[in-house]
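Asks: The structure under discussion is supplied below as structure tokens; questions concerning it will follow.
The values are calculated or read from the model by the stated rules, or taken from the named source; none is laboratory data. Note that this is a predicted model, so its numbers are computed, not measured. Reconstructed Cβ throughout: ideal geometry from the backbone, glycine too, with neighbour counts over all protein chains shown. These accessible areas exclude ligands, DNA and RNA; they are computed on the full protein's heavy atoms, side chains included. Shrake-Rupley method; radii C 1.70, N 1.55, O 1.52, S 1.80 Å.
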Protein chains: 2
Amino acid sequence: MAFSRRMRPLPLSKLRIVDPFWSRWQRTLVETTLPHEWAQLTTRLENFRRVVAGETGGHVGFVFDDSDVYKWAEACAYALAVQPDKTLRAHLDEAIGLIQKSQRPDGYLDTYVQLEHPDGAWRNMHGVHESYCLGHLIEAAVALSESLGDRRLLDVARRFADNLMATFGPEKELNYGGHEEVELALVRLADHTGETQYREYARWCVEVRGARPSPWEAELRDPAALAIGERMGGRGIFPLDPYNGEYAQDHAPIREHDAVVGHAVRAMYLYIAAADLADGQDDAALETALRRAWDSLVKRRMYVTGGIGPSGDNEGFTQDFDLPNLSAYAETCAAIGLALWGQKMLELTADGEYAETVERALYNGALAGISLSGDRFFYDNPLESRGGHERKPWFSCACCPPNIARMIGNLGSLVAGEGEGAFFVHQYVGFEAETRFGKITLEGDWKGTMTIRVEPKVTGEFALCLRIPEWAEEVETELPGAEEEADFETGYAVFRRVWKAGDTLTVSLNAEPLWFEADPRVRENLGRAALTYGPLVYCLEEKDLGSAPQLFIADTQAPIEPQEDSRLEGVTLLPVEGTLDVETFPDTLYAPLGSGEVRQVTAEFVPYYAWANRGPNAMQVWVRRM
Amino acid sequence: MAFSRRMRPLPLSKLRIVDPFWSRWQRTLVETTLPHEWAQLTTRLENFRRVVAGETGGHVGFVFDDSDVYKWAEACAYALAVQPDKTLRAHLDEAIGLIQKSQRPDGYLDTYVQLEHPDGAWRNMHGVHESYCLGHLIEAAVALSESLGDRRLLDVARRFADNLMATFGPEKELNYGGHEEVELALVRLADHTGETQYREYARWCVEVRGARPSPWEAELRDPAALAIGERMGGRGIFPLDPYNGEYAQDHAPIREHDAVVGHAVRAMYLYIAAADLADGQDDAALETALRRAWDSLVKRRMYVTGGIGPSGDNEGFTQDFDLPNLSAYAETCAAIGLALWGQKMLELTADGEYAETVERALYNGALAGISLSGDRFFYDNPLESRGGHERKPWFSCACCPPNIARMIGNLGSLVAGEGEGAFFVHQYVGFEAETRFGKITLEGDWKGTMTIRVEPKVTGEFALCLRIPEWAEEVETELPGAEEEADFETGYAVFRRVWKAGDTLTVSLNAEPLWFEADPRVRENLGRAALTYGPLVYCLEEKDLGSAPQLFIADTQAPIEPQEDSRLEGVTLLPVEGTLDVETFPDTLYAPLGSGEVRQVTAEFVPYYAWANRGPNAMQVWVRRM
């Protein structure tokens, strides 16, 4: 079935998260995360202030640092819509003012270029990230307009986009940005404003990328262009003779993609735009390529946590099944990107397979990127630690902290969707929604019995579609006073009926702890198993075991009784029986087999997202098994 | 018991290797390895030719490239003493001539400095490797003199050493070389010539290293000095503020060393000299430090192969028990260095523990560095491969190929030793020796029954000391016509008696395949075992298993019947029963435990030294066990 939009998320103002788990995160966002990030944005804001003051030189940081301010502003838009806060609002206003005043009369806006290379606008597209920053500015502008009705950045963003589109385009010079982002943002801008030229320009950007010769080949041979991007990788990451643009998905036109390659976040952002642009086009070649890339990702290149991009060298992909645990890069932003791409694919197909991956990335690979306190962050998210991995307050390259803030703020967009005659529940997160069909609420969570209440505006027929997760092996639903059975359609139980006010559907997913193994081509996971419970991947930490988790061997046959516990802001512990290699050994490094000792232990596993919240602490997701 | 020399190796002219296994390697040395290396030395020889021609500039390669020529010449000295060869001799003469003619009138000789920085002699001691090259020149000179009676380089080496000693020293400026080597070489020069000033200078070098301030701190702050070493790491590997000289063992005076640190080869070369210098000094602090460093190495920082230095970042040591298999650096030169240090410790203590480690490094970590064909080399020696690791004909940094050639050529020095009233057999390698006690021969090898024949010059008493390896659990010896029992002294069976012509001792070590496990603090080896047979560590290669060896799980309880085989120039195969994770899996990366299949297999293990001789090939030493 061709890609055509089956549903859209509800606007943030129409869906409120009332989930005990996620509401805590959203509260922390306003009370801790966003104020903390504002305090960290100093050098970024200083760059804007220098531009406003008419200075030249003095830009501090990476060429893409403007984007941190934009992403923070976007996250504020979501957060303040849920929970107003005067101080945060004042910070946001200050940022908006700086952004407005920094824009050149011709619409161009990039503090790095304006301060350091005033004549260098759009001269080094492979490296300088201007269009990446523009993309994030657009997203912030749309979010502010949608969520807070604040349209001040919309005009700034539109004029900056127009400046780009006056420079490159179908009838103009051929070029596009090294880090994708503007493509998906322009689609969003078009959707929000109804101005279709932005969508068509995004389509052009996605279509021309990867043709030969690449416009970047000339830039990479041009010392003047390279000088503008001197702070970036340049030739190191884009080899010449022959040119290789894999790092930024400039290796082949999109319809020829057969695997995800290069920098993981870039790849995700490209595919988000491409999926959006495939909507309603009946473009079989594009759809096939997107499904092929998706399969290469989720069937051969994705961690069980939804982390992607195993290598720090390119912040991205390597070979199929190369998924080392200890050295896993698995950037927080990449897991967020995966969730966003999966969500787009879901909206176009209504296939629960995609929601399954969104869930995986959301609850695990992405959420692990932020501390329970809300003010410490992981950039890379290994699946094993020997105790040396800690979240940090900030990074010189600080893409992840505001990105996870955006995700938590905009969580509602992943939870539910409404389409022609259908309302979809993708993720079992408590919410209250004002839908086109009337009020719909979900109470409870995936661990227990949930209640979905429907209060239609007018009595009428529509389908209520509930995702049935793969981990839910015994789903029970009940719709009192109704005999009809649900249909099962591509991962969703579909209750199609005439709904009356007060109709109440109860759902129990009966999640059970479940051991997983990996394809044996993932060499690191041979002889190992990972424990899951509902949407959560679990891990074993030294703090709970009392020994390094690497010493533990799980008895995967033994029953596991989930246990509610107050540690780590409240978690369900999974106590696992097994043995432990005791750290006693003869006074020698190697000894005949049988020299070591083992003892019986019960190991308390905790959710992966909550790891490393109690100081440095060894950890393992894929534990050895008997 | 204080360090005092209990034995010395026999001069090469007095001990001939007649071992079926090792004689093949020595033959290959003359027929393949050394001619091949000569052909690879082109740029190195060209540097000498430029100096001879009086040119300036144009030096090609690393600052230490002269040493490759010296090490090759040293290997030639050993090889030609065993098996004369006209062509090789002519190449050697050419090299000697170039070296002689390159020396400056003042004795200085370093093609890099002479060509590139004619006024820069001894100006950048932490980086430029002049004294390292001098050390290798001395070793070549002594070897040529000892083995071939060719004293042409001896004078060159002595004059170069005198130039160094006129520059730095007790009453002069304080400085010493970044890469140890000259210290051990000067001791060797003193032993050979009887000129004790070289030994005393070596002692000074070893003693002053690690004091504060280090003379290198000033060099590292001096742009002129740094410029001379521009091709080397400089500040990258020697951080300042505070200064950290760990990379080159300049972190503390030798008596304070409590662990091996930094670059592994450098550390070994320092300790070889320090051990030699401790001889007869009754220096408890130095002896304790050497034993402490040794223990830190063999009990916490050594691979089961005798490979050392897990990290490529510093070509050296990291933390205790950090011994990853796949990314193991374990440089060939470092294993050779370990064997040489162990041999020194053995000569000073007559403790078989050291011979045990020499054996481990010799037969495994070092010998794996050269192909069976003799013309391909490993620089790094991982203990696991996914199939991407191949030996190369040469390297831009080519220290390993001539080093392994030296080791094979000079093998006799590791095999046996003679001391006051005692003859020692350290390694069970067939030989014919002219000892101070008369002719002693060893026939056979460690796999079967060996015969040791004694033909004393005059009837007289001496002790014949045979090392009893730890892997030999049931040693049988027989000395026909004698009732006396052997004493067991620190790892040696000692037959002390009046020997008559024709006395014959037979020895059977009854080696059995033996599984080892590692201290559980070596996280990578948890749940794994390594198979050994006599001195050999075994491994499993994809070529023999038909599948990736990582998929194999050994049944370590099943009996193993060693099997002679013609593959790999003749090896004893060890067939191991076990199961294999079959590479069939549902069409998904992760699936509930139980989705995979296993089948029974017999896996044929081969010696580690012989791996990767049949093209790219996955391999594993530490296999999973049931």
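Asks: Among (1) under 21 Å from B:Asp519 (Cα atoms); (2) out of contact with any strand residue (DSSP E or B) (no Cβ under 6 Å at 6 or more places or on another chain), where does A:Ala612 come up short?
Replies: (1)
Asks: May I ask you to verify whether A:Val156 is closer than 29 Å to A:Val60 by Cα and either in contact with a His (Cβ under 6 Å, 6 or more places away or on another chain) or not assigned by TED's automatic domain parsing to the domain that holds A:Pro105 (or both)?
Replies: It is false that A:Val156 is closer than 29 Å to A:Val60 by Cα and either in contact with a His (Cβ under 6 Å, 6 or more places away or on another chain) or not assigned by TED's automatic domain parsing to the domain that holds A:Pro105 (or both).
Asks: With the structure loaded, tell me whether A:Leu326 is among the hydrophobic types (A, V, I, L, M, F, W, C), more than 19 Å from A:Ile404 (Cα to Cα), touching a strand residue (DSSP E or B) at 6+ places or on another chain (Cβ under 7 Å) and within 14 Å of chain B (Cβ to nearest Cβ) or whether it fails that test.
Replies: yes
Asks: Oh, and also: For the condition over 30 Å from A:Val598 (Cα atoms), surrounded by 20 or more Cβ atoms within 10 Å (Cβ to Cβ), more than 25 Å from the chain's Cα centre (by Cα) and more than 14 Å from chain A (Cβ to nearest Cβ), what is the one hit in B:Lys543, B:Lys457?
Replies: B:Lys543
Asks: For B:Trp515, state whether it is within 14 Å of chain A (Cβ to nearest Cβ), closer than 30 Å to A:Ala548 by Cβ, open to solvent by less than 10 Å² (accessible area, probe 1.4 Å) and of a type in the set (Phe, Trp, Tyr).
Replies: In short, no.
Asks: Here's a follow-up. Tell me which of these A:Arg231 doesn't satisfy, since it passes every other one: (1) at pLDDT 95 or above; (2) within 22 Å of A:Leu109 (Cβ to Cβ).
Replies: (1)
Asks: Looking at B:Arg386, B:Arg391, can you tell me which residue is touching a Ser or Thr at 6+ places or on another chain (Cβ under 7 Å) and charged (D, E, K, R)?
Replies: Only one candidate passes the filter, namely B:Arg391.
Asks: If you go through the range A:400-421, how many residues are more than 30 Å from A:Leu464 (Cα to Cα) and surrounded by fewer than 23 Cβ atoms within 10 Å (Cβ to Cβ)?
Replies: Residues meeting the conditions: 0.
Asks: Within the range A:264-302, can you find the residues that are of a type in the set (Ser, Thr, Tyr), closer than 23 Å to A:Tyr363 by Cα and either more than 14 Å from the chain's Cα centre (by Cα) or open to solvent by 10 Å² or more (accessible area, probe 1.4 Å) (or both)?
Replies: Matches in the range A:264-302: A:Ser296 only.
Asks: Which one of B:Asp295, B:Asp276, B:Asp283 is under 25 Å from B:Cys399 (Cα atoms) and of a type in the set (D, E, K, R)?
Replies: B:Asp276
Asks: Looking at the range A:547-587 only, could you name the residues that are at the interface with chain B (Cβ under 9 Å from one of its Cβ atoms) and open to solvent by 50 Å² or more (accessible area, probe 1.4 Å)?
Replies: Scanning the range A:547-587 gives A:Glu583, A:Thr584, A:Pro586, A:Asp587.
Asks: Yes or no: B:Thr56 out of contact with any strand residue (DSSP E or B) (no Cβ under 8 Å at 6 or more places or on another chain), under 21 Å from B:Ser102 (Cα atoms), among the hydroxyl-bearing types (Ser, Thr, Tyr) and open to solvent by 20 Å² or more (accessible area, probe 1.4 Å)? Give the derivation first.
Replies: Working: out of contact with any strand residue (DSSP E or B) (no Cβ under 8 Å at 6 or more places or on another chain): yes; under 21 Å from B:Ser102 (Cα atoms): yes; among the hydroxyl-bearing types (Ser, Thr, Tyr): yes; open to solvent by 20 Å² or more (accessible area, probe 1.4 Å): yes.
Against the criterion (out of contact with any strand residue (DSSP E or B) (no Cβ under 8 Å at 6 or more places or on another chain), under 21 Å from B:Ser102 (Cα atoms), among the hydroxyl-bearing types (Ser, Thr, Tyr) and open to solvent by 20 Å² or more (accessible area, probe 1.4 Å)), B:Thr56 qualifies.
Asks: Given the residues B:Glu470, B:Glu485, which is the only one that is part of a loop (DSSP other than H, G, I, E, B), within 14 Å of chain A (Cβ to nearest Cβ) and either out of contact with any Pro (no Cβ under 7 Å at 6 or more places or on another chain) or among the hydrophobic types (A, V, I, L, M, F, W, C) (or both)?
Replies: Just a single option satisfies the conditions, and that option is B:Glu470.
Asks: For the range B:12-56, name all the residues that are modelled with pLDDT of 95 or more and among the small types (Gly, Ala, Ser).
Replies: B:Ser23, B:Ala39, B:Ala53, B:Gly54
Conditions tested, residue by residue: (1) more than 22 Å from A:Leu326 (Cα to Cα); (2) among the aliphatic types (A, V, I, L, M).
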position: A:Glu541; (1), (2): no, no
position: A:Leu551; (1), (2): no, yes
position: A:Pro559; (1), (2): yes, no
position: A:Leu568; (1), (2): yes, yes
position: A:Ser595; (1), (2): yes, no
position: A:Ala612; (1), (2): no, yes
position: A:Met626; (1), (2): no, yes
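Asks: Of everything in the range A:378-397, what is within 14 Å of chain B (Cβ to nearest Cβ) and either open to solvent by 10 Å² or more (accessible area, probe 1.4 Å) or within 20 Å of A:Val30 (Cβ to Cβ) (or both)? Give them in sequence order.
Replies: Within the range A:378-397, A:Glu384, A:Arg386, A:Gly387, A:Gly388 qualify.
Asks: If you take just the strands (runs of 3 or more DSSP E) that sit entirely in the range B:546-626, which of them hold at least 3 residues that are in contact (Cβ under 8 Å) with a residue 40 or more places away in the chain?
Replies: B:552-554, B:571-582, B:597-607, B:623-625
Asks: Out of the residues in the range B:591-626 that are in contact with a Lys or Arg (Cβ under 9 Å, 6 or more places away or on another chain), open to solvent by 10 Å² or more (accessible area, probe 1.4 Å) and within 14 Å of another protein chain (Cβ to nearest Cβ), which is farthest from B:Lys392 (Cα to Cα)?
Replies: Checked the range B:591-626; the qualifying residue farthest from B:Lys392 (Cα to Cα) is B:Leu593.
Asks: Additional query: When you check B:Tyr247 against the structure, is it among the hydroxyl-bearing types (Ser, Thr, Tyr) and within 21 Å of the chain's Cα centre (by Cα), yes or no?
Replies: Answer is yes for this residue.
Asks: Scan the range B:312-321 for residues that are touching a Phe, Trp or Tyr at 6+ places or on another chain (Cβ under 7 Å) and surrounded by fewer than 17 Cβ atoms within 10 Å (Cβ to Cβ) and jot them down.
Replies: The one that is touching a Phe, Trp or Tyr at 6+ places or on another chain (Cβ under 7 Å) and surrounded by fewer than 17 Cβ atoms within 10 Å (Cβ to Cβ): B:Gly312.
Asks: Looking at (1) out of contact with any helix residue (DSSP H, G or I) (no Cβ under 8 Å at 6 or more places or on another chain); (2) buried (at least 20 other Cβ atoms within 10 Å of the Cβ); (3) on the phi > 0 side of the Ramachandran plot, can you tell me which one A:Gly502 breaks?
Replies: All conditions are met except number (2).
Asks: Evaluate the range A:250-269: report whether one residue or more is under 21 Å from A:Ile138 (Cα atoms), touching a Cys at 6+ places or on another chain (Cβ under 9 Å) and assigned to a helix (DSSP H, G or I).
Replies: yes
Asks: Next up: Any idea how many residues of the range A:351-377 are touching a Gly at 6+ places or on another chain (Cβ under 9 Å), crowded, with 24+ Cβ neighbours inside 10 Å and not in a helix (DSSP H, G or I)?
Replies: 1
Asks: Something else: Out of all the residues in the range A:518-534, which are within 14 Å of chain B (Cβ to nearest Cβ) and in a loop (DSSP other than H, G, I, E, B)?
Replies: Passing the criteria: A:Asp519, A:Pro520, A:Arg521, A:Val522, A:Leu526, A:Gly527.
Asks: Give the range B:500-512 a look and list any residue that's of a type in the set (D, E, K, R) and within 14 Å of chain A (Cβ to nearest Cβ), or say none. Quick ask: steps written out before the conclusion?
Replies: Step one: list which residues in the range B:500-512 are of a type in the set (D, E, K, R), which gives B:500, B:503, B:512.
B:Glu512, the sole residue that qualifies.
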